[in-house]
Amino acid sequence: MVVDPRESNYQDVYKVLIGAIVPRPIALVSTISPEGIRNLAPFSFFTAISANPPVICFCPTRKSGPEPRKDTLRNISATREFVVNIVSEEIAGQMNITSGDFAADVDEFEAAGLTPIPSDLVKPPRVAESHVHMECKLYLTLEISDLPGGGNLVIGEVIRLHVDDTYVDNFKIDPDKLRAIGRMGGNSYARTTDRFDMVRPKV
Ligand SMILES: Cc1cc2nc3c(=O)[nH]c(=O)nc-3n(C[C@H](O)[C@H](O)[C@H](O)COP(=O)(O)O)c2cc1C
């Protein structure tokens, strides 16, 4: 198959992208609206882009309808703060609930049965059930396009990291304890319990 994105339906192109770029880590992003409503949503267009300073990015795509910005993007644009909570297998179900298109005045911690705990440096709370939290300050947003399915790049500087003490030894997180999940295409997910090691060549 050869796909020319300019000649194709964007939803088909999307399916190829999310089937090919796998597995994708999941950022469960907590934000708070200017009115104080807590919001949670998962984003798998997510990665780290700098270690010094630590910087991560994720991408809320456009919604159809009069307000194309997802609540997460609206809140971050207004408050410039968010928290990335890493998703372990045991909260997969709750993470999935937060992907529902809830109205902006719904507290998605309550909707999903997840527990908010205060962050140290930003207003949005952390998810207690998550074992790694990244408190972030907005660095930059970039609208990629205003077409349907167009993405918005959200770049954030991680100003504080929290890792469950029992999951980490000398800064190395134990993947067998973390049991992070990744997103595949469609409704599929991957576990991170089947791994193999390779030593990098010294050239
Ligand atoms: C595992 C998973 C990953 C997702 N990744 C993305 C993503 O990268 N970008 C996006 O726009 N939506 C993504 N979604 C859909 C959003 O979570 C969904 O649109 C959500 O309602 C947005 O919430 P908000 O309006 O509260 O920000 C994903 C959903 C799931 C279940």
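Could you tell me which GluC sites (Glu not before Pro) in the stretch 11-105 are loop residues by DSSP with no more than 12 other beta carbons within 10 angstrom of their beta carbon? For GluC sites (Glu not before Pro) across the stretch 11-105 that sit outside H, G, I, E and B with at most 12 neighbouring Cβ atoms in 10 Å, the list reads E35.
Which loop-located chymotrypsin sites (Phe, Trp or Tyr not before Pro) does the stretch 131-203 contain, where loop means any DSSP state but H, G, I, E or B and the Cβ has at most 15 other Cβ atoms within 10 Å?
Details: sites: Y139, Y167, F171, Y189, F196; in loops: F171, F196.
For chymotrypsin sites (Phe, Trp or Tyr not before Pro) across the stretch 131-203 that sit outside H, G, I, E and B with at most 15 neighbouring Cβ atoms in 10 Å, the list reads F171, F196.
Sorting the segments 172-178, 110-116 by their residues' average number of neighbouring beta-carbon atoms within 10 angstrom, most packed first, yields 110-116, 172-178.
For K177, give me every one of the lysines with a C-alpha distance below 29 angstrom, ignoring sequence neighbours fewer than eight places off in its own chain. List returned: K123, K137. Give the calculated FRET efficiency between K63 and V2 to the nearest 0.05, with a Förster radius of 35 Å applied to their Cβ-Cβ distance. E(calc), rounded to 0.05, equals 0.70. Candidate cross-link partners of K63 among the aspartates and glutamates, defined by an alpha-carbon separation under 12 Å and a same-chain spacing of 8 or more, comprise D71, D101, D146.
Any read-out appearing in this document is the output of simple, stated calculations on the displayed coordinates, not a laboratory observation. Since this is a predicted model, take the numbers as computed values, not measurements. Cβ atoms come from the backbone with ideal geometry, glycine included; neighbour counts cover every protein chain shown.
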